[in-house]
Amino acid sequence: MAKFAHDTVVPYKQSGLSKKEQVAGMFDKIAFRYDFLNRFLSAGIDVGWRKKAIKELAPLKPQNLLDVATGTADVAIMAHKILQPKKITGIDISVGMLDIGRTKVAKLGLEEQIELLTGDSEVINFADDTFDAVTVAFGVRNFEHLERGLMEMRRVLKPGGKIVILEFSKPRQPLFKAVYNIYMNTVAPGFGKLFAKNGDAYQYLNDSVQRFPEGQEFISILATAGFSGIYLRPLTLGICTIYCGIK
């Protein structure tokens with residue numbers, strides 16, 4: 001199975017733990033400020049990105065949806081509102097993020113519709129052909145083995161099911177790219193240190209974005225993982241991209 005540059009990018013370079021263990025620990029530490037920093041650092045634009053990604057599933061009308069790397073359940077809750085499926089299952093390796101997600105789900109009275117479970121994207125604890133659709137927002141960049149995670153998500157999709165991946169990418173326009181690089185290298189880690197007491201996490205965000213195989217390269221990886229009908233949609237001058245594929 002292929003190895004990609006971002007697979008080896010880790011939050012804590014001196015740690016002897018695996019990427020998966022480091023990522024879980026990192027998100028446990030920043031969970032209490034995660035939603036706030038998402039809104040703050042993106043000036044709220046991230047909400048619109050998630051909506052656009054979820055709306056890619058509207059024609060399919062999925063009834064059983066899996067949200068991988070669900071975190072604090074933003075996508076799961078939004079998918080319930082927009083798509084009204086019968087059941088949404090969210091999985092994540094960070095217990096701290098899931099605890100916050102469960103609190104949000106309970107507050108909205110959606111425990112029957114949204115179930116959040118501790119789960120690994122590379123070993124999904126469901127049978128083949130279980131879900132109508134799979135979503136991942138800003139999660140595939142954190143996989144320790146990208147191709148394995150993609151193949152596992154394809155496995156649990158029903159034939160004809162659709163995957164929608166929302167992930168950071170790098171803008172191409174030179175002036176905007178220069179501003180973006182300063183922001184990601186300096187501003188985001190600075191605010192991460194200030195508000196979440198964890199500058200490493202937001203430095204990791206930039207490092208992993210810089211080395212993630214985006215655009216046509218990622219489309220090729222999706223094809224290798226067995227998806228067809230693959231397409232992409234860049235958002236906000238290429239800051240992030242929606243990737244879709246069919247089983």
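Is it the case that Arg39 is among the basic types (Lys, Arg) and more than 23 Å from Lys87 (Cα to Cα)?
Working: among the basic types (Lys, Arg): yes; more than 23 Å from Lys87 (Cα to Cα): yes.
In short, yes.
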Pairs returned, first residue in segment 4-25 that is in contact (Cβ under 8 Å) with a residue 40 or more places away in the chain and in a loop (DSSP other than H, G, I, E, B), second residue that is surrounded by 17 or more Cβ atoms within 10 Å (Cβ to Cβ) and among the hydrophobic types (A, V, I, L, M, F, W, C), beta-carbon separation under 7 angstrom, 6 or more apart or interchain, are Phe4/Leu146; Pro11/Val23; Pro11/Met26; Pro11/Ala201
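For the condition surrounded by 18 or more Cβ atoms within 10 Å (Cβ to Cβ), more than 15 Å from the chain's Cα centre (by Cα) and not hydroxyl-bearing (Ser, Thr, Tyr), what is the one hit in Val23, Val9? Write out each step before concluding.
Numbers: Val23 fails: more than 15 Å from the chain's Cα centre (by Cα).
That would be Val9, the only listed residue that is surrounded by 18 or more Cβ atoms within 10 Å (Cβ to Cβ), more than 15 Å from the chain's Cα centre (by Cα) and not hydroxyl-bearing (Ser, Thr, Tyr).
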Inside segment 49-72, the number of residues satisfying the requirement of being in a helix (DSSP H, G or I) and in contact (Cβ under 8 Å) with a residue 12 or more places away in the chain is 9
Asn38 passes all but one of the listed conditions (1) under 16 Å from Lys193 (Cα atoms); (2) touching a residue at least 60 places away in the same chain (Cβ under 8 Å); the exception is number (2)
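Identify, from the list Leu60, Leu66, the residue that is farther than 25 Å from Pro213 by Cβ, aliphatic (A, V, I, L, M) and at pLDDT 80 or above.
Unique residue meeting the criteria: Leu60.
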If we keep only residues of segment 124-173 that are of a type in the set (Lys, Arg) and in contact (Cβ under 8 Å) with a residue 40 or more places away in the chain, then the residue farthest from Met26 (Cα to Cα) is Lys158
Listed by range, helices (runs of 4 or more DSSP H) wholly within segment 135-247 having at least 2 residues that are modelled with pLDDT of 95 or more and crowded, with 19+ Cβ neighbours inside 10 Å are 146-156, 215-224
Query raised in the report: Does segment 116-123 contain at least one residue that is in contact (Cβ under 8 Å) with a residue 40 or more places away in the chain and part of a helix (DSSP H, G or I)?
Result: no
Ala31: passes all of (1) part of a helix (DSSP H, G or I); (2) out of contact with any Phe, Trp or Tyr (no Cβ under 6 Å at 6 or more places or on another chain); (3) free of Cβ contacts under 8 Å to residues at least 40 places away in the same chain but (3)
Within segment 231-241, residues over 16 Å from Pro59 (Cα atoms) and touching a strand residue (DSSP E or B) at 6+ places or on another chain (Cβ under 9 Å) come out as Leu232, Arg233, Pro234, Leu235, Ile239, Cys240, Thr241
Over segment 55-92, the set of residues β-branched (Val, Ile, Thr) and under 14 Å from the mean Cα position of the chain (by Cα) is Val68, Thr70, Thr72, Val75, Ile91
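The values are calculated or read from the model by the stated rules, or taken from the named source; none is laboratory data. Small disclaimer: the values here were computed from a predicted structure and weren't measured. Neighbour counts run over all protein chains shown; Cβ positions are idealised from the backbone, glycine included.
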